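Note sheet for the following structure.
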Amino acid sequence: ACLSSCYVQAQSTECQIDTKKVFDNLIKNIANSMPAPPDLEIVYTTKKTAYISSGVIYVEARLIDLLCGSDNFESKIAYVLSHELAHHYNNHGWASTTGFTYYTSAGQSIDENIDFSSERLQRKKDESQADLFGGFYSQISGYNALLYGEQTLRSIYDEYSIKDSKKYPSLEERVELINYNIKRSTDLAKIFKYGNMALAIGKLGTARNCFKEIIKNNFVSREIYNNLGL
């Protein structure tokens, strides 16, 4: 019994270390200083999965344990981390009070009986933007986050017994957004890689067009602007 419990704890600790490595890799590839990059803290609450507060992204150990040991762990945790980073860098202020699965700081699901159609639509647009942003930066960081996004999201909703809310996109709507953005993020990541390759071999016109296309889609970072400047 001791060996079994010790192994689980060791596995969880290793996954927490890997989570921090994935986070650092994403931050390095986003490479933005405005707003300042957030910090990461692993916490032992059990209600909010992942959330942003005062420049810190909090991820529950319970969530890491859920994904730990599964195939493609790094891509799955990259989906969660890059999604929260997207809310941070795109100034989605509402996300700082709700979290990855729309729970309040008190751990209560928000589901008032009033019309939230306009606000809900804005959150749906923000979630789509977050998936595209996260998918792009995950890809150039080496993770297929959106490819495993649906599986990750369904596992989280099941583990945390999360119910749909009138104020936010439903689980099925979020899955739809993930699948919609897979090809878009993959195409942008390919354009970024082609731009880097073109720059390396002196095809400057091609490189310039690639980086301009990325910026036109609202993906900006120090590296992209530096490459365009070159």
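Descriptive notes on the structure:
- Largest-first principal axis extents, alpha carbons of the range 107-230, Å: 59, 28, 23
- Where only C-alpha atoms are counted, convex hull volume of the range 167-230 per residue in Å³: 85 Å³
- The range 131-178 - convex hull of the alpha-carbon atoms, volume per residue in Å³: 73 Å³
- Formal net charge of residues neighbouring residue 210 (Cβ-Cβ distance under 15 Å; K, R +1; D, E -1): +3
- For the pair residue 206 and residue 122, a Förster radius of 41 Å applied to the C-beta separation gives a FRET efficiency near 0.65, rounded to the nearest 0.05.
- Segment residue 24-residue 90, extension gain: residue separation times 0.36 nm, minus the distance between their alpha carbons: 21.9 nm
- Multiplying the residue separation of residue 36 and residue 186 by 0.36 nm and subtracting their alpha-carbon distance yields 51.4 nm.
- A simple spin-label model places the labels of residue 164 and residue 179 1.5 nm from each other, with each point 7 Å out along Cα-to-Cβ.
- Heavy-atom accessible surface of the range 115-217, averaged per residue, reaches 50 Å², computed with a 1.4 Å probe.
- With a threshold of 25 Å on the Cα-Cα distance, the over-threshold entries among 190/216; 48/167; 20/216; 125/193; 76/190 are 20/216; 125/193.
The values are calculated or read from the model by the stated rules, or taken from the named source; none is laboratory data. Keep in mind it's a predicted model, so treat the numbers as computed, not measured. Glycine also receives a Cβ, built like all others from the backbone with ideal geometry; neighbour counts cover every protein chain displayed. Protein only, heavy atoms only, side chains kept; ligands, DNA and RNA dropped before computing areas. Shrake-Rupley method; radii C 1.70, N 1.55, O 1.52, S 1.80 Å.
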